[in-house]
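A quick write-up on the structure given underneath.
The values are calculated or read from the model by the stated rules, or taken from the named source; none is laboratory data. Please read all numbers here as calculations on a predicted model, not as lab measurements. Glycine also receives a Cβ, built like all others from the backbone with ideal geometry; neighbour counts cover every protein chain displayed.
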Amino acid sequence: MMNKLQFLKILEDSLTALPKDERDSAVKYYEEFFDEADSDEKAIDNLGDPRKIAEQILVENGINPVTANENSFKNIEPVKPVAQSATSNTARTSNSTNLILAIIVVALTFPFWVTILAVAFSIFVAILAVAFTLVVTMGAVAVCGILAGIVTLFTFPPIGLISLGTGLVAAGMLTLFCVPLIKTCWKFTVWTVNTTVNFVKRLFFKQEVSV
Amino acid sequence: MAFPVSSTLLDAMVLSIVHDEDTYGYKITQDIREAMDVSESTLYPVLRRLQKEECLETYDKEYMGRNRRYYKVTSKGKAALNLYREDWKLHKEKVDTLLNERGKNDE
(Lines give C-alpha, C1' and ligand atoms only; values in the text may rest on other atoms or scores of the structure.)
Protein backbone atom coordinates (compact mmCIF):
# COMPACT_ATOMS: atom_id res chain seq x y z
CA MET A 1 0.00 0.00 0.00
CA MET A 2 1.50 3.35 -0.92
CA ASN A 3 1.49 6.45 1.20
CA LYS A 4 0.76 10.07 0.39
CA LEU A 5 4.33 10.92 -0.65
CA GLN A 6 4.60 7.92 -2.97
CA PHE A 7 1.24 8.77 -4.51
CA LEU A 8 2.28 12.37 -5.17
CA LYS A 9 5.68 11.31 -6.50
CA ILE A 10 4.11 8.89 -9.03
CA LEU A 11 1.63 11.59 -10.03
CA GLU A 12 4.40 14.15 -10.55
CA ASP A 13 6.61 11.72 -12.48
CA SER A 14 3.73 10.77 -14.77
CA LEU A 15 3.18 14.43 -15.62
CA THR A 16 6.70 15.25 -16.86
CA ALA A 17 5.25 15.98 -20.29
CA LEU A 18 3.50 19.02 -18.81
CA PRO A 19 5.02 22.44 -18.11
CA LYS A 20 6.16 22.87 -14.53
CA ASP A 21 3.34 25.18 -13.40
CA GLU A 22 0.70 22.73 -14.68
CA ARG A 23 2.43 19.88 -12.89
CA ASP A 24 2.80 21.81 -9.65
CA SER A 25 -0.83 22.85 -9.76
CA ALA A 26 -1.99 19.23 -10.06
CA VAL A 27 0.32 17.99 -7.31
CA LYS A 28 -0.76 20.81 -5.01
CA TYR A 29 -4.41 19.99 -5.62
CA TYR A 30 -4.01 16.31 -4.73
CA GLU A 31 -1.75 17.10 -1.80
CA GLU A 32 -4.60 19.18 -0.44
CA PHE A 33 -6.93 16.25 -0.99
CA PHE A 34 -4.80 14.14 1.33
CA ASP A 35 -4.77 16.91 3.92
CA GLU A 36 -8.57 17.10 3.88
CA ALA A 37 -9.23 13.38 3.95
CA ASP A 38 -9.54 11.52 7.25
CA SER A 39 -6.53 9.33 6.50
CA ASP A 40 -4.02 8.77 3.69
CA GLU A 41 -5.37 5.26 3.12
CA LYS A 42 -8.91 6.51 2.72
CA ALA A 43 -7.76 9.20 0.31
CA ILE A 44 -5.85 6.68 -1.82
CA ASP A 45 -8.83 4.30 -1.76
CA ASN A 46 -11.03 7.08 -3.08
CA LEU A 47 -8.58 8.55 -5.57
CA GLY A 48 -7.36 5.32 -7.10
CA ASP A 49 -4.29 4.96 -9.26
CA PRO A 50 -2.21 8.16 -9.57
CA ARG A 51 -1.16 7.05 -13.09
CA LYS A 52 -4.83 7.02 -14.14
CA ILE A 53 -5.29 10.49 -12.66
CA ALA A 54 -2.19 11.68 -14.54
CA GLU A 55 -3.52 10.21 -17.78
CA GLN A 56 -6.75 12.13 -17.37
CA ILE A 57 -4.82 15.38 -16.82
CA LEU A 58 -2.56 14.73 -19.82
CA VAL A 59 -5.55 14.09 -22.08
CA GLU A 60 -7.17 17.29 -20.85
CA ASN A 61 -3.95 19.14 -21.83
CA GLY A 62 -3.98 17.64 -25.30
CA ILE A 63 -1.12 15.20 -24.68
CA ASN A 64 -1.31 11.57 -25.68
CA PRO A 65 -0.69 9.66 -22.42
CA VAL A 66 0.85 6.70 -24.26
CA THR A 67 3.69 8.64 -25.87
CA ALA A 68 4.07 10.77 -22.75
CA ASN A 69 4.56 7.62 -20.67
CA GLU A 70 7.12 6.23 -23.11
CA ASN A 71 9.11 9.38 -22.61
CA SER A 72 8.89 9.25 -18.87
CA PHE A 73 10.15 5.66 -18.87
CA LYS A 74 13.15 6.60 -20.98
CA ASN A 75 13.78 9.57 -18.77
CA ILE A 76 14.06 7.80 -15.46
CA GLU A 77 17.74 8.74 -15.16
CA PRO A 78 18.38 11.83 -17.29
CA VAL A 79 14.96 13.47 -16.94
CA LYS A 80 15.93 17.03 -17.72
CA PRO A 81 18.17 16.92 -20.82
CA VAL A 82 15.75 14.82 -22.87
CA ALA A 83 12.73 16.79 -21.73
CA GLN A 84 14.50 20.03 -22.61
CA SER A 85 15.54 18.89 -26.08
CA ALA A 86 11.96 17.80 -26.68
CA THR A 87 10.60 21.22 -25.73
CA SER A 88 13.26 23.09 -27.73
CA ASN A 89 12.40 20.94 -30.75
CA THR A 90 8.77 21.90 -30.57
CA ALA A 91 9.83 25.50 -29.97
CA ARG A 92 11.94 25.43 -33.13
CA THR A 93 9.20 24.04 -35.35
CA SER A 94 6.70 26.54 -33.97
CA ASN A 95 9.24 29.33 -34.62
CA SER A 96 9.72 28.39 -38.24
CA THR A 97 5.98 28.11 -38.77
CA ASN A 98 5.73 31.53 -37.12
CA LEU A 99 8.22 32.93 -39.66
CA ILE A 100 6.30 31.45 -42.58
CA LEU A 101 3.08 32.82 -41.15
CA ALA A 102 4.69 36.24 -40.69
CA ILE A 103 5.84 36.28 -44.32
CA ILE A 104 2.40 35.26 -45.55
CA VAL A 105 0.75 37.92 -43.41
CA VAL A 106 3.19 40.60 -44.60
CA ALA A 107 2.59 39.59 -48.23
CA LEU A 108 -1.20 39.49 -47.87
CA THR A 109 -1.42 42.81 -46.07
CA PHE A 110 0.98 44.47 -48.57
CA PRO A 111 -1.61 46.93 -50.00
CA PHE A 112 -2.67 47.83 -46.47
CA TRP A 113 0.69 48.67 -44.91
CA VAL A 114 2.07 50.26 -48.06
CA THR A 115 -0.85 52.71 -47.85
CA ILE A 116 -0.14 53.36 -44.19
CA LEU A 117 3.55 53.95 -44.90
CA ALA A 118 2.68 56.28 -47.80
CA VAL A 119 0.28 58.29 -45.63
CA ALA A 120 2.86 58.53 -42.83
CA PHE A 121 5.52 59.66 -45.29
CA SER A 122 3.20 62.29 -46.79
CA ILE A 123 2.39 63.70 -43.35
CA PHE A 124 6.08 63.80 -42.56
CA VAL A 125 6.90 65.66 -45.80
CA ALA A 126 3.96 68.05 -45.29
CA ILE A 127 5.13 69.00 -41.79
CA LEU A 128 8.65 69.68 -43.08
CA ALA A 129 7.26 71.68 -46.02
CA VAL A 130 5.10 73.87 -43.77
CA ALA A 131 8.09 74.55 -41.52
CA PHE A 132 10.28 75.31 -44.52
CA THR A 133 7.67 77.65 -46.04
CA LEU A 134 7.30 79.55 -42.74
CA VAL A 135 11.06 80.10 -42.58
CA VAL A 136 11.36 81.20 -46.20
CA THR A 137 8.33 83.53 -46.05
CA MET A 138 9.53 85.08 -42.82
CA GLY A 139 13.01 85.58 -44.33
CA ALA A 140 11.60 87.15 -47.51
CA VAL A 141 9.35 89.53 -45.56
CA ALA A 142 12.31 90.53 -43.37
CA VAL A 143 14.74 91.19 -46.22
CA CYS A 144 12.23 92.93 -48.52
CA GLY A 145 10.62 94.93 -45.70
CA ILE A 146 13.91 96.30 -44.44
CA LEU A 147 15.31 97.06 -47.91
CA ALA A 148 12.08 98.64 -49.17
CA GLY A 149 11.72 100.53 -45.90
CA ILE A 150 15.16 102.07 -46.18
CA VAL A 151 14.49 103.15 -49.80
CA THR A 152 10.97 104.52 -49.14
CA LEU A 153 12.10 106.26 -45.95
CA PHE A 154 13.62 109.04 -48.10
CA THR A 155 10.71 109.37 -50.58
CA PHE A 156 7.67 108.85 -48.33
CA PRO A 157 8.73 108.47 -44.69
CA PRO A 158 5.48 107.06 -43.12
CA ILE A 159 5.27 104.11 -45.56
CA GLY A 160 9.03 103.67 -45.22
CA LEU A 161 8.69 103.40 -41.44
CA ILE A 162 5.82 100.91 -41.69
CA SER A 163 7.77 98.79 -44.19
CA LEU A 164 10.94 98.95 -42.12
CA GLY A 165 8.98 98.04 -38.99
CA THR A 166 7.30 95.07 -40.64
CA GLY A 167 10.68 93.88 -41.93
CA LEU A 168 12.22 94.18 -38.46
CA VAL A 169 9.30 92.33 -36.85
CA ALA A 170 9.74 89.52 -39.39
CA ALA A 171 13.49 89.42 -38.76
CA GLY A 172 12.87 89.24 -35.02
CA MET A 173 10.32 86.43 -35.39
CA LEU A 174 12.70 84.62 -37.70
CA THR A 175 15.59 84.63 -35.23
CA LEU A 176 13.21 83.93 -32.31
CA PHE A 177 11.48 80.92 -33.87
CA CYS A 178 13.75 79.78 -36.62
CA VAL A 179 16.61 78.28 -34.65
CA PRO A 180 14.35 76.10 -32.41
CA LEU A 181 12.17 75.27 -35.43
CA ILE A 182 15.13 74.02 -37.46
CA LYS A 183 16.45 72.08 -34.47
CA THR A 184 13.04 70.46 -33.90
CA CYS A 185 12.73 69.60 -37.59
CA TRP A 186 16.15 67.99 -37.54
CA LYS A 187 15.34 65.96 -34.43
CA PHE A 188 11.98 64.96 -35.90
CA THR A 189 13.64 63.80 -39.12
CA VAL A 190 16.27 61.77 -37.26
CA TRP A 191 13.63 60.22 -34.98
CA THR A 192 11.33 59.27 -37.89
CA VAL A 193 14.17 57.68 -39.85
CA ASN A 194 15.40 55.76 -36.79
CA THR A 195 11.96 54.49 -35.83
CA THR A 196 11.22 53.37 -39.37
CA VAL A 197 14.57 51.61 -39.71
CA ASN A 198 14.14 49.86 -36.34
CA PHE A 199 10.58 48.82 -37.16
CA VAL A 200 11.58 47.35 -40.52
CA LYS A 201 14.58 45.62 -38.92
CA ARG A 202 12.38 44.06 -36.24
CA LEU A 203 9.83 42.98 -38.85
CA PHE A 204 12.35 41.13 -41.00
CA PHE A 205 15.38 40.18 -38.94
CA LYS A 206 14.22 39.36 -35.43
CA GLN A 207 12.58 36.05 -36.31
CA GLU A 208 15.59 34.87 -38.29
CA VAL A 209 17.87 35.65 -35.34
CA SER A 210 15.67 33.81 -32.84
CA VAL A 211 15.53 30.73 -35.13
CA MET B 1 -26.93 6.92 -11.56
CA ALA B 2 -27.81 5.55 -14.98
CA PHE B 3 -27.32 8.84 -16.86
CA PRO B 4 -23.80 9.80 -17.85
CA VAL B 5 -22.52 13.12 -16.54
CA SER B 6 -21.52 15.57 -19.23
CA SER B 7 -18.59 17.89 -18.74
CA THR B 8 -20.85 20.86 -19.48
CA LEU B 9 -23.10 19.86 -16.63
CA LEU B 10 -20.07 19.52 -14.34
CA ASP B 11 -18.86 22.98 -15.34
CA ALA B 12 -22.28 24.41 -14.56
CA MET B 13 -22.57 22.71 -11.18
CA VAL B 14 -19.05 23.66 -10.12
CA LEU B 15 -19.73 27.28 -11.03
CA SER B 16 -22.96 27.17 -9.07
CA ILE B 17 -21.31 25.70 -5.98
CA VAL B 18 -18.43 28.17 -6.02
CA HIS B 19 -20.80 31.04 -6.77
CA ASP B 20 -22.68 30.27 -3.55
CA GLU B 21 -19.53 30.73 -1.54
CA ASP B 22 -15.77 30.62 -2.21
CA THR B 23 -14.65 27.09 -1.48
CA TYR B 24 -11.86 24.55 -1.98
CA GLY B 25 -11.34 21.53 -4.21
CA TYR B 26 -12.09 18.78 -1.72
CA LYS B 27 -15.34 20.39 -0.62
CA ILE B 28 -16.48 20.95 -4.21
CA THR B 29 -15.81 17.29 -4.98
CA GLN B 30 -17.83 16.12 -1.98
CA ASP B 31 -20.73 18.43 -2.88
CA ILE B 32 -20.84 17.14 -6.45
CA ARG B 33 -20.59 13.56 -5.27
CA GLU B 34 -23.71 14.06 -3.18
CA ALA B 35 -25.66 14.63 -6.40
CA MET B 36 -23.97 12.30 -8.82
CA ASP B 37 -21.62 9.41 -9.10
CA VAL B 38 -18.30 10.90 -10.18
CA SER B 39 -14.87 9.78 -9.04
CA GLU B 40 -12.80 11.91 -6.70
CA SER B 41 -10.37 12.73 -9.47
CA THR B 42 -12.99 14.01 -11.92
CA LEU B 43 -13.06 17.54 -10.65
CA TYR B 44 -9.44 18.61 -10.98
CA PRO B 45 -9.45 18.86 -14.79
CA VAL B 46 -12.80 20.64 -14.62
CA LEU B 47 -11.55 23.21 -12.10
CA ARG B 48 -8.33 23.71 -14.05
CA ARG B 49 -10.20 24.25 -17.29
CA LEU B 50 -12.61 26.74 -15.72
CA GLN B 51 -9.59 28.53 -14.32
CA LYS B 52 -7.94 28.71 -17.75
CA GLU B 53 -11.18 29.98 -19.26
CA GLU B 54 -11.08 32.72 -16.61
CA CYS B 55 -14.39 31.61 -15.11
CA LEU B 56 -12.70 30.81 -11.80
CA GLU B 57 -9.89 32.40 -9.83
CA THR B 58 -7.93 30.91 -6.97
CA TYR B 59 -6.40 32.28 -3.81
CA ASP B 60 -4.65 30.55 -0.94
CA LYS B 61 -5.94 30.85 2.61
CA GLU B 62 -4.37 29.42 5.71
CA TYR B 63 -6.25 26.67 7.45
CA MET B 64 -4.82 24.73 10.41
CA GLY B 65 -1.21 25.53 9.54
CA ARG B 66 -1.44 24.73 5.83
CA ASN B 67 -2.71 26.40 2.71
CA ARG B 68 -6.08 25.71 1.24
CA ARG B 69 -6.61 26.77 -2.36
CA TYR B 70 -9.97 28.53 -2.57
CA TYR B 71 -11.89 29.00 -5.79
CA LYS B 72 -13.83 32.14 -6.60
CA VAL B 73 -16.19 32.88 -9.51
CA THR B 74 -15.13 35.74 -11.81
CA SER B 75 -17.57 38.04 -13.60
CA LYS B 76 -17.04 35.90 -16.72
CA GLY B 77 -17.87 32.84 -14.63
CA LYS B 78 -21.06 34.49 -13.36
CA ALA B 79 -22.15 35.21 -16.92
CA ALA B 80 -21.41 31.61 -17.92
CA LEU B 81 -23.36 30.33 -14.91
CA ASN B 82 -26.42 32.40 -15.86
CA LEU B 83 -26.31 31.00 -19.39
CA TYR B 84 -25.94 27.46 -18.04
CA ARG B 85 -28.93 27.97 -15.72
CA GLU B 86 -31.14 29.14 -18.59
CA ASP B 87 -29.97 26.33 -20.84
CA TRP B 88 -30.58 23.79 -18.12
CA LYS B 89 -34.12 25.05 -17.56
CA LEU B 90 -34.94 24.59 -21.25
CA HIS B 91 -33.20 21.22 -21.36
CA LYS B 92 -35.00 20.03 -18.23
CA GLU B 93 -38.40 21.09 -19.57
CA LYS B 94 -37.82 19.28 -22.85
CA VAL B 95 -36.65 16.10 -21.13
CA ASP B 96 -39.57 16.30 -18.69
CA THR B 97 -42.10 16.59 -21.50
CA LEU B 98 -40.63 13.57 -23.23
CA LEU B 99 -40.01 11.45 -20.20
CA ASN B 100 -42.58 12.35 -17.53
CA GLU B 101 -45.58 13.88 -19.33
CA ARG B 102 -45.85 10.85 -21.60
CA GLY B 103 -45.49 8.58 -18.59
CA LYS B 104 -48.63 10.10 -17.06
CA ASN B 105 -50.72 9.02 -20.03
CA ASP B 106 -49.95 5.40 -19.24
CA GLU B 107 -51.58 5.56 -15.83
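Some notes on this structure:
- Pairing residues of the range A:14-41 that are without any contact (Cβ under 8 Å) to a residue 12 or more places away in the chain and more than 22 Å from B:Thr23 (Cβ to Cβ) with residues that are of a type outside the set (A, V, I, L, M) and in a helix (DSSP H, G or I), at Cβ distances under 9 Å and at least 6 apart in sequence or on separate chains, gives A:Pro19/A:Thr87; A:Arg23/A:Glu12.
- Remark: B:Asp37 falls outside the filter, which requires a residue to be part of a helix (DSSP H, G or I) and among the acidic types (Asp, Glu).
- Residue match in the range B:22-33 (condition: among the aromatic types (Phe, Trp, Tyr) and either within 10 Å of the chain's Cα centre (by Cα) or surrounded by 19 or more Cβ atoms within 10 Å (Cβ to Cβ) (or both)): yes
- The residues of the range B:1-21 that are of a type in the set (A, V, I, L, M) and either under 13 Å from the mean Cα position of the chain (by Cα) or under 21 Å from B:Glu86 (Cα atoms) (or both), listed by number, are B:Val5, B:Leu9, B:Leu10, B:Ala12, B:Met13, B:Val14, B:Leu15, B:Ile17, B:Val18.
- Within the range B:1-34, the residues that satisfy the criterion of being free of Cβ contacts under 8 Å to residues at least 40 places away in the same chain and in a loop (DSSP other than H, G, I, E, B) are B:Met1, B:Ala2, B:Phe3, B:Pro4, B:Val5, B:Ser6, B:Glu21.
- Residues of the range A:21-62 that are more than 7 Å from every other protein chain (Cβ to nearest Cβ) and aliphatic (A, V, I, L, M): A:Val27, A:Ala37, A:Ala43, A:Ile44, A:Ala54, A:Leu58, A:Val59.
- The residue that is farthest from A:Phe34 (Cα to Cα), counting only those in the range B:67-86 that are within 14 Å of chain A (Cβ to nearest Cβ) and surrounded by 18 or more Cβ atoms within 10 Å (Cβ to Cβ), is B:Tyr71.
- Flag for B:Tyr70 being within 24 Å of A:Asp40 (Cβ to Cβ) and aromatic (Phe, Trp, Tyr): yes
- Test: residue in the range A:60-74 that is at pLDDT 80 or above and assigned to a helix (DSSP H, G or I): yes
- Residue satisfying all of: in the range B:41-66; over 14 Å from the mean Cα position of the chain (by Cα) and at the interface with another protein chain (Cβ under 8 Å from one of its Cβ atoms); surrounded by the most Cβ atoms within 10 Å (Cβ to Cβ) among these: B:Ser41
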